[in-house]
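Just so you know, all these numbers are worked out from the coordinates, no wet-lab data involved. All figures in this text were calculated on a predicted structure; none of them were measured in a lab. Neighbour counts are summed over all protein chains in view; Cβ atoms, including those assigned to glycine, are modelled from backbone coordinates with ideal geometry.
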Amino acid sequence: MIRHPEYTRERLAQTAQRLRAAIHPETVPPDELLVAGPVDRIPYAEAQRLEYRPAEAGERLGPLWATYWFRIGATVPAAWDGRRVELLWASRAESTLWIDGRAVQGLHGVEPSQRPDATVAWPARGGERLELEVELACNGLFGRLDHPPEVERCELALVDEDAWQRYFDFEVLRALEASDALEPGFGGHLREELNRFCTSGDDRILARLLAHRNGTRVHRVSAIGHAHIDTAWLWPIAETRRKLVRTFASQTRYMDEYPEYRFACSQAQQYAWIEESEPDLWARIRAKVDAGQFVPVGGTWVEPDCNLPSGESLLRQFVHGQRFFEDRFGSRCREFWSPDAFGYCGQLPQLMRLAGIDRFLTQKLSWNKFNRPESHTFVWQGIDGSEVLGHFPPADNYNSDVSVDEVLKTSREFKDHESSGRSLLVFGFGDGGGGPTRAMLENLRRMHDLQGLPRVEPSTSDAFFSALEAEETERPTVVGELYFEYHRGVYTSQAFVKRGNRMCEQLLHDAEFVAAARGEDTAADLDRLWKLLLLQQFHDILPGSSIGLVYDDVRRDFGELESSLHGLIGEGDALVNTVGVSRREVFDGRMVEAQPFADAQPVDAHDEVRVDGLLLENAHLRVQLAGDGRVVSVVETDTGRAALAAPGNSLELYEDRPVNFAAWDIDPSHLETRRECPPADRVEVLSAGPLRAEVAFERRVGEASTLRQVVRLDAGARRLEFHTTVDWHEEHVLLKACFPLAVHAPNATYEAPFGYAERPTHYSTSWDRARYEVPGHRFADLSEHGFGAALLTDSKYGYSCFGNELRVSLLRAPKSPDPDADMGSHEFAYALYPHAGGWRDGAVLAEAIRFNAPLRRTAGVGASFASVDDPNLVLDTIKRDGPLVLRLYEAHGGRGTAHVRLREPFAHARLANALEEPYADVQVADDALVLPYLPHQVLTVVVEP
Ligand SMILES: [Zn+2]
């Protein structure tokens, strides 16, 4: 032998091609190939009534999202009797193979590494006539195709089972030989022996090589099949429902052939869709769940965004997820499976725990642009101290192909070898679904115990985490939110979705409260509407990162939510305060007052607001506006403090051209492109007191947009409001409002789900710099000792604070994946709220709650239904699920004992988890519930009559 490794490797590659070709030694064309279409997405039964015509070779199919149905009649050659026969169906379109009216497998792509093949007879009968049907969707795994698809191949093929096995034997060994990390002694032997195999074709050579076992202590990789199916993204939900069919049909089928195979599947909503429309496939899934192969994971309704939904919404994701899994499959999930969401708020560990979940999986933080996570396996401690076991699969993806390279990467990149001996590999086509291929499962079999590789074994998430828990070791602890150092545009993109989310969360809250207070049974409606909102919180819908077709559906769904919820709340003559804070404010030209969760009453107005030119003044604030639309000064009269260090409400335009991921990202470079909007060209005093002062400013913004702002100060109000309408037609532009505050502090505070997050106002370290744009809910606050100011918003989620400049991001205009994103009219409001003391003493949260929950005109609920005597403990949700259920959370990071008074008599009350399972009695004193609470604690109280 003349030694020359490169020649040898090229020879091995050439041999691999020959081995691949030998898998299908013979093929025959079908007897006939008929086609019908284009049609919409129609059920199978309807497809049977279509008119079919002979398909023409090379026929271009379309348009995008159209469907064609093919009928294939083919005869198995006599010589193939007893053998395995496959359909080779190559097209770039996603397709479903139907046999005898059942969806049996998905098909996609043209390369052998994709899924262009499906077994159609095994063992085949010679002379047997096969009737097959293919439903072809004119879209790829990732939606739009570059070219109209066509049927590039349609044949029956004989499978040489030995050749199939030989090919994977050879390929795993060849990839191992080529890896840099291999011990050179074994590498040289592999090269020599594989070369000998090329010459002799002797299978015993491969068998001997594959028999080389691992070391006694090597990293263990738990491999779990998965198909990340974005519930909507580059395709609409209607296509998602077909992706589910294709994916689950394939995977349940492979489970027959590969009994060791385990497939993890999250998102209760996706199961619910199959249950609703595909009873046959649903039965197969249930059988495989019972067999332990098809493994429900995640515990949530969909995989939601984990920054933008409210605390209550996130909790309901778990409640509806866990209830579904328990009801249909008899058990709850123990892990929160969220491989792809864009950051994780600091209350998640507690919410998980409250829903019976103590394990967490993601890989998304591997995308961080500034600081990579320091551990793959760690304890994640929430802001309240709740702990869950977290794992980031070190392959940094959830779509592994189980190649030698990926398996080696898993072991090489794993950061916790000192404290742990295993990690997770999540494999299978994902994002657009699909899941593992048979080839991946063959690779997996060969990697079980092979010299040079970690030990790779099929596993479930439960088995993996249980094995981690059995490791006696000390793990690093990560505390608080897992801020994602990427995709900061998703707090702002598709403003209408953010607005719809905030509005519908409030509407659901109010509908639950009024039904509870008025004794109405609307539970079935509310269950349905909650699930509809939870769906919109999917991690590509609410973030604004889907195509326009998705948002057509979202507009319809928000319309349905709003009209149904307004219907449930009903009409009437009372003004109802639906939240747990008292209020005194101007409403419809009157001063009204309301206790928590009570009807408002008109009161005499002893306050007034005065207007002098552009100076607005009430008992609490003195506001000087400028003709250009800015606010020159705001003085909080109790303290005499000026809130602004320079004119505020500067509307700023930034060039917003992220280098990647237009809808997802706001890049650091945008900060260098700030320019002020032109000044207002029209100013009008709309209302000059005594109860309301309003000044309207109109201006052109950017190239083609107009903005109108009504600046409002009411009698008795402590906040200055900016009611804004924008006709927005900019491209690649980000609009922010800036308030330079007369406040100095190293951190700003942002409302987060059931809590808050503090983030730096400076760029001292890479961790600080990464937080140049951050998520927040109803308020962002900058306070120093004794004084501060908050920005309140009614539908915005993107904020930033650098030095003393507090900003809210108002609108974007990304052009991809939805070129029409954010185009058109918008309505939103924000407010400046200066306050004595810090944000806690300044009651910022209460003001933000009032700003987001206007009084509702509806049938009355009477006197205060419930109240809490302690501002730290917020009574957020009141609903009736049989018994009365209260949800409270500690909002300020303190501890104490609160008393909750209820209007209606009750027999006893108990503390419960999120699933409303009681775990302790609540003490009652003087007819009030006595609730001791801890910092950031979320409490559920079940009250029984
Ligand atoms: Zn995703």
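So here's what we get for this one:
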{"item": "Reciprocal of mean inverse Cα separation for segment 773-827 (Kirkwood radius, Å)", "result": "13.0 Å"}
{"item": "Highest to lowest packing among 679-685, 42-48, 453-459, scored as the average C-beta count within 10 Å", "result": "453-459, 679-685, 42-48"}
{"item": "Binned Cα-Cα distance frequencies in segment 61-148 - 10 Å width, integer %", "result": "18, 45, 28, 9, 1"}
{"item": "Computed helical MRE - 222 nm, the chain, DSSP H runs ≥ 4 contributing -39500 (n - 2.57), nearest 500", "result": "-8000 deg cm²/dmol"}
{"item": "Distance between segment 138-185 and segment 855-905 - C-alpha centres, whole angstrom", "result": "59 Å"}
{"item": "MET352, MET447, MET255 arranged by Cβ crowding within 10 Å, fewest neighbours leading", "result": "MET255, MET447, MET352"}
{"item": "Per DSSP, loop GluC sites (Glu not before Pro) in segment 467-564 with at most 16 further Cβ within 10 Å", "result": "GLU471, GLU472, GLU474, GLU520"}
{"item": "Per-selection metrics, segment 281-358 (Cα): Rg and Dmax in Å", "result": "13.0, 39"}
{"item": "Kirkwood hydrodynamic radius over Cα pairs of segment 590-637, then Stokes diffusion coefficient at 37 °C and 0.692 mPa s, in µm²/s", "result": "257 µm²/s"}
{"item": "Cα-based equivalent ellipsoid of segment 113-260: semi-axis lengths in Å, sorted from largest, via gyration tensor", "result": "37, 23, 16"}
{"item": "Leading residue at positive end of dipole, the chain (Cβ point charges), from TYR261, GLY572, HIS762", "result": "TYR261"}
{"item": "Reciprocal of mean inverse Cα separation for segment 257-326 (Kirkwood radius, Å)", "result": "13.0 Å"}
{"item": "Computed magnitude of the charge dipole of segment 205-291 (debye, nearest 20; Cβ of K, R +1, Cβ of D, E -1)", "result": "560 debye"}
{"item": "The chain: angle of helix 548-569 to the longest principal axis, Cα-based, in degrees nearest 10", "result": "50 degrees"}
{"item": "Charged-residue dipole, Cβ positions (Lys, Arg, Asp, Glu), segment 591-650 about Cα centre, Debye nearest 20", "result": "380 debye"}
{"item": "Cα Rg over Rh - segment 203-350, Kirkwood", "result": "1.06"}
{"item": "For GLN17, net neighbour charge (Lys/Arg +1, Asp/Glu -1) across residues whose Cβ lies under 14 Å away", "result": "+3"}
{"item": "Extension gain from VAL28 to ARG60, taking 0.36 nm per residue of separation minus the Cα-Cα distance", "result": "9.2 nm"}
{"item": "Nearest-ten-degree value, helix 311-329 long axis tilted from longest Cα axis of the chain", "result": "40 degrees"}
{"item": "Globularity ratio of segment 530-631, using Cα Rg and 2.2 N^0.38 Å", "result": "1.61"}
{"item": "Exposure proxy order (Cβ contacts within 10 Å, fewest to most) of THR75, THR67, THR300, THR410", "result": "THR75, THR67, THR410, THR300"}
{"item": "Relative contact order computed over segment 354-414 (Cα-Cα under 8 Å; 6+ residues apart), in percent", "result": "34 percent"}
{"item": "Space enclosed by the convex hull of the alpha-carbon atoms of segment 357-489, per residue, Å³", "result": "131 Å³"}
{"item": "Coordinate range along principal axes, alpha carbons of segment 1-91, Å, largest first", "result": "66, 38, 22"}
{"item": "Alpha-carbon centroid distance for the pair segment 260-335 / segment 395-413, whole angstrom", "result": "26 Å"}
{"item": "Footprinting exposure proxy for HIS189, HIS4 (fewest neighbouring C-beta atoms within 10 Å first)", "result": "HIS4, HIS189"}
{"item": "Long-range tail of P(r) for segment 634-689 (Cα pairs > 18 Å, %)", "result": "63 percent"}
{"item": "log₁₀ of I(q)/I(0) at q = 0.11, 0.13, 0.17, 0.25 Å⁻¹ - segment 329-425, Debye sum with one point per alpha carbon", "result": "-0.34, -0.48, -0.79, -1.36"}
{"item": "Alpha-carbon Rg with Dmax, taken over the chain, Å", "result": "31.0, 104"}
{"item": "Rg in Å to one decimal, and Dmax rounded to a whole Å, for segment 372-434 via C-alpha atoms", "result": "13.4, 42"}
{"item": "Cα centroid separation - segment 49-102 against segment 779-802, whole Å", "result": "59 Å"}
{"item": "Alpha-carbon gyration tensor eigenvalues x 5, square-rooted, for segment 462-606, Å", "result": "38, 22, 19"}
{"item": "Relative contact order of the chain, defined on C-alpha pairs under 8 angstrom at six or more residues apart (%)", "result": "10 percent"}
{"item": "Bridge type composition, the chain - antiparallel percent by DSSP, nearest 5", "result": "85 percent"}
{"item": "For segment 601-695, radius of gyration divided by Kirkwood radius, i.e. Rg to Rh on alpha-carbons", "result": "1.15"}
{"item": "For the chain, with +1 on Lys and Arg beta carbons and -1 on Asp and Glu, the positive-most of ALA495, PRO905, CYS154 along the dipole", "result": "CYS154"}
{"item": "For peptides 540-546, 900-906, 550-556, 101-107, sequence by mean Cβ density within 10 Å, most packed first", "result": "540-546, 101-107, 550-556, 900-906"}
{"item": "D_trans [Stokes-Einstein, Kirkwood Rh over alpha-carbon pairs] for segment 684-777, 4 °C, 1.567 mPa s, µm² s⁻¹", "result": "78 µm²/s"}
{"item": "For segment 743-793, average projected area of the Cα convex hull in nm²", "result": "3.7 nm²"}
{"item": "Summed side-chain charge close to GLY185 - residues other than GLY185 whose Cβ falls under 13 Å, Lys, Arg +1, Asp, Glu -1", "result": "-3"}
{"item": "Subset of LYS243/LYS736; LYS364/LYS415; LYS736/LYS815 violating a 27 Å alpha-carbon distance limit", "result": "LYS243/LYS736"}
{"item": "Between 0 and 90°, nearest 10: helix 495-518 axis offset from the chain longest Cα axis", "result": "70 degrees"}
{"item": "Binned Cα-Cα distances of segment 883-945, short to long, each 10 Å bin given as a whole percent", "result": "22, 57, 20, 0"}
{"item": "Within segment 146-239: Cβ-based charge dipole about Cα centre, in debye rounded to nearest 20 (Lys, Arg +1; Asp, Glu -1)", "result": "740 debye"}
